[in-house]
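Notes follow once the structure below has been shown.
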Amino acid sequence: MISNLINRKILTLLKVQYSNMLEYRVEIALWAISGVIPFFMLNIWTTNNLNESINISDILLSRYFLCAFFVRQFSVVWVVFSFEEDSLMGKVSPYLIQPLNPFFRYLAQHLAEQITRFPFALIIAFFFFIFNPESIWIPNLGILLLSILSTFLSFLIQFLMQSIIACLCFWTEKASSIERLLFIPTLFLSGLLAPVVSFPSYVKSWIYLTPFPYLIDFPANLLSGNETNIIGGLCMQILWIFLLFPLFKKIWSEGTKKYTAMGS
Amino acid sequence: MNLRKYLKVYKKFLHTSLASELEYKTNILVDLITAILSLVGSIFLLSIFFQNNGYIGGWKFEQALIIQAIYTILNGITNTWFNPNLTEIVKHIREGTLDFVLLKPIDSQFFISLKKINPSGFLEIMLGFLLLFFCIRINQISLNLIFLTLSLFTICCSICILYSLWFFISTTTIWFVKTWNAIEVLRSFLYIGRFPLNSFSFSLRIFFSVFIPIAFITTIPSEVFLGLSELWKILLEAIVAIVFLFTSRKFWLFALKFYTSASS
């Protein structure tokens, strides 16, 4: 009964948000285009033959960056910006009255956006294969399912991290600058710009203890068929979710007590 | 054009926007840390590229640092002036408040391009100059008057090109209303400015000098610093800058004819 109700709520939210997102097709296409940085990075790596020193062939590296692009496309999170705007405008108040945590609404928004984004990402991948026909490959079904799972887990980790920061809006009003701060290690350490294998050993020694390599490097390695520790990676992802979730619940319950309903 | 009037108005702009931005003092601190981390991150990325190679696209590590320095300065300028103002244009057009700007007895492009200022970008500019001075020392560049004027001149040209690009995209808001994501695309392409143009493959090099002149923005000024640049390149950059400024101005005036206001 209860699970049925939750299912219905989530389905309705998803449907509403999906039709909402379909309105913004052009914007989402542009979003997809703005994620092409991994391809430029790939170009630097292959033009200068940098991959020889880290023992990854051209083809595997190009697959890696293509997968990094895909993982990034489906793990982009912007909840802090939405929440900041909503809380400054006082839109959070009606959400708080509803018998559903407002973050479900944002979660549905993100998922709906990912579904809308999917065809555009495919088109970009299609163009990528036209320019790099030798890197075409078909991952086997098991790997594909596992990498979809790990991409989703990566999305959840980022969603939780950003939601925690978003809750800081209850105290500081402008939480997005903290998010921009957190984005820097995400950008440089997640493997979006360079695979983590290529990092110098003084970084590699501690980086696997942070959540960052599990955001893009791990799912991308998994999908592209590069060497990676599948069970270890998935365990670390789940571990981070279990660490972050109670933190989010705590900060949410503390924050809502602080809430002052601005702008309404 | 009454220069004194414009200077006086600009002083007022500075005063009001500084006053409102300094309300968020912790934000400025967070932005400073972000700028430092971002610079550290991109130097780290550069060091990965150079860890087994002496040269990338004909550039040594010490030389490539100059590009980083110039990029940081330009990024600081973008964050100080272009970003806060030109995102405001989008808001003006969407909410129809551009009416009030157009009614003012002052040039509308001047008003919307310089109204706001974000002081945290200053720190980034300073950071960039620090790195630049450091580079001048480690590359043993001898300073003389001709060199200084030339490098200052090329940087000014870069600023003009960068401004025109931002302004051009913001202007398209008049037709498309929501160009927030187009700005995101520009931002991600500008990211390429952190690396020497020669490190890309031939086709991308053409793309980044003809369609989106990112090459002109950072690579040519850096070449001037190293004394590698030929005169025709500097002249070309000046011409590109003038063409861009001129076109963006014309484009703005053209776009205003299509402005139909909103919600009033």
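Note on A:Phe129/B:Glu230: beta-carbon distance plugged into 1/(1 + (r/R0)^6) with R0 of 60 Å gives a FRET efficiency of 0.95.
Label-to-label distance, B:Thr87 versus B:Leu253, with points set 7 angstrom from Cα along the beta-carbon direction: 3.1 nm. Sorting B:Thr80, A:Thr260, B:Thr16 by the number of Cβ atoms found within 10 Å of their own Cβ, with the fewest placed first, yields A:Thr260, B:Thr16, B:Thr80. Full extension of the chain between B:Arg94 and B:Ile43 gives 14.5 nm of extra length, using 0.36 nm per residue less the Cα-Cα distance. Based on DSSP loop calls and a cut-off of at most 10 other Cβ atoms within 10 Å, the longest stretch of chain A free of exposed GluC sites (Glu not before Pro) is what? Excluding the exposed sites themselves, the longest stretch runs over A:24-226.
Principal axis analysis of the Cα atoms in segment B:1-56 yields extents of 57, 34, 7 Å, listed in decreasing size. Projected label points at A:Arg25 and B:Ser261, each 7 Å from Cα along the beta carbon direction, are separated by 3.3 nanometres. Based on the Stokes-Einstein relation at 4 °C and a viscosity of 1.567 mPa s, and on the Kirkwood radius from alpha carbon pairs, the protein assembly as shown is assigned a translational diffusion coefficient of 52 µm²/s. Neighbours of B:Arg249 by Cβ distance under 15 Å: Lys/Arg scored +1, Asp/Glu scored -1, total +1.
Shielding of peptide B:18-25 by partners, expressed as the average count of other chain Cβ atoms within 10 Å per residue Cβ, is 1. Rounded to the nearest 20, the size of the Cβ-charge dipole of chain B about its Cα centre is 640 debye, with Lys and Arg at +1 and Asp and Glu at -1.
Scaled against 2.2 N^0.38 Å for its residue count N, the alpha carbon radius of gyration of chain A is 1.07. Across segment B:105-264, how large is the tail of the calculated P(r) beyond 19 Å, expressed as a percent of all Cα pairs? Here the tail beyond 19 Å accounts for 63 percent of pairs. Look at the stretch A:188-200: the mean tally of other chain Cβ atoms within 10 Å of its residues' Cβ atoms is 3. When the Gaussian network model of chain A links Cα atoms closer than 10 Å, the mean-square fluctuations of A:Ser176, A:Ser93, A:Ser150 top out at A:Ser93.
Measuring r between the beta carbons of A:Lys9 and A:Thr172 and using R0 = 41 Å, the FRET efficiency lands at 0.85. Across the options B:Ser151, B:Phe61, A:Leu42, the greatest Cα extent toward the positive end of the charge dipole of the protein assembly as shown (unit charges at beta carbon of Lys, Arg, Asp, Glu) belongs to B:Ser151. Helical runs (DSSP H, four residues minimum) scored at -39500 (n - 2.57) apiece and divided by the length of chain B put the mean residue ellipticity at 222 nm at -24500 deg cm²/dmol. Kindly list the residues of segment A:112-156 that lie in the label zone of B:Phe202, defined by a backbone N under 20 Å from the point 7 Å along the Cα-to-C-beta vector. The answer is A:130-134, whose backbone nitrogens lie closer than 20 Å to the label point. Put a dot 7 Å past the Cα of A:Leu243, heading toward its Cβ, do the same for B:Arg4, and the two dots end up 6.4 nm apart. Loop-resident GluC sites (Glu not before Pro) (DSSP state other than H, G, I, E or B) in segment B:165-237 with no more than 15 further Cβ atoms inside 10 Å of their Cβ: B:Glu230. For chain A, a Gaussian network of Cα nodes joined below 10 Å ranks A:Ile231, A:Ile148, A:Ile115 by mean-square fluctuation, and the top entry is A:Ile231. Given their separation in residues at 0.36 nm each and the Cα-Cα distance between them, B:Leu18 and B:Glu62 gain 12.2 nm when the chain is fully extended. Taking a sphere under 15 Å around the Cβ of A:Val16 and counting the other residues whose Cβ falls inside, with K and R at +1 and D and E at -1, yields a net charge of +2. Springs between Cα atoms under 10 Å define the GNM used for chain B, and in it the highest mean-square fluctuation of B:Val177, B:Val243, B:Val185 occurs at B:Val185.
Give me D for segment A:111-163 in µm² s⁻¹, whole number, from Stokes-Einstein with Rh from the Kirkwood sum over alpha-carbon pairs, 25 °C and 0.890 mPa s.
For the chosen part, D equals 187 µm²/s.
Each Lys and Arg Cβ is given +1 and each Asp and Glu Cβ -1; about its Cα centre, the protein assembly as shown then shows a dipole of about 1240 debye. Under the combined filter of DSSP loop state and at most 13 neighbouring Cβ atoms within 10 Å, segment B:186-264 retains these chymotrypsin sites (Phe, Trp or Tyr not before Pro): B:Phe211, B:Phe258.
Across segment B:1-121, Cα-Cα pairs farther apart than 20 Å form 58% of the total.
FYI, it's all coordinate maths here, none of it is from the lab. Here the structure is a predicted model, which is why all the values come from computation and not from measurement. Here the Cβ is made from the backbone with ideal geometry for all residues, glycine too, and neighbour counts use every protein chain on show.
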